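The values are calculated or read from the model by the stated rules, or taken from the named source; none is laboratory data. Note that the coordinates shown come from a computational prediction; the quantities given were computed from them, not determined experimentally. FYI the Cβ positions are ideal-geometry reconstructions off the backbone, even for glycines, and counts take in every protein chain you see. Side chains are part of the model used for accessible areas, which takes the heavy atoms of the whole protein and leaves out ligands, DNA and RNA. Shrake-Rupley method; radii C 1.70, N 1.55, O 1.52, S 1.80 Å.
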Amino acid sequence: MTSEQRIRVLVVEDDPVAADAHVMYVGRVPGFVAVGKAHTGAEARRMLDRTPVDLLLLDLHLPDVHGLRLARSLRAAGHHADVVAVTSARDLAVVREGVSLGVVQYVLKPFTFATLRDRLVRYAEFRAAAGEAGGQAEVDRALATLRAPSPATLPKGLSAPTLERVTGVLREAEEGLTAAGVGEAVGISRITARRYLEHLVDAGRADRSPLYGQVGRPELVYRWMRGPGRER
């Protein structure tokens, strides 16, 4: 994938250390490239005027302007980059306001690389969807790619942090992994790993196939389901 094909991200964050970390995080996600960083709203506007950007990783509490006010002014000026909002605020009124301004995801501080990677990958899958939907179900599936599964909906006995680790390991395995392989990578038993993997299969995020060519019952290999047009 060339740099022109990757999703171009501008990091807007007033904390220099956090900004550097976010640029590094973006660079570690296949299909994305950080094209710059800005520490204020004014700096972000100047960079957008001279640099093509597809996505803003936008801190909402900037020293010179609230992030949503910046997003609104950018829309009015003709900038159409989508927004992943980064904030420590839990105000759902802010979330509702952001929907109308192109905010496609929210990431609450502090967050890990795995959390940001999940949001970016989901955004890439949503962005890659093309063509005409065959019906309501297909539209719903496209929109659902933006939404991370809620920890409250996990089956009994599964935890969100472990699911995040299993998901990260599976995404990085180009050829897929068995439950034993995932368990070893994550530090859990094969049986526990299989429960998490089966949950991902049921959620439509992974698929499985038998591994033949060995004595006895074939093992199952699990693979992450990648969206259309994405690298495998």
If a residue counts only when it is open to solvent by 40 Å² or more (accessible area, probe 1.4 Å), which strands (runs of 3 or more DSSP E) contained entirely in region 9-111 have at least 2 such residues?
32-38, 103-108
Tell me yes or no: at least one residue of region 123-137 is of a type in the set (D, E, K, R), at pLDDT below 65 and open to solvent by 70 Å² or more (accessible area, probe 1.4 Å).
yes
Given the conditions (1) under 18 Å from ALA114 (Cβ atoms); (2) modelled with pLDDT of 85 or more, every one holds for ALA203 apart from (2)
From the list ARG217, ARG194, ARG232, ARG208, which residue is outside any helix (DSSP H, G or I) and at pLDDT 90 or above?
ARG208
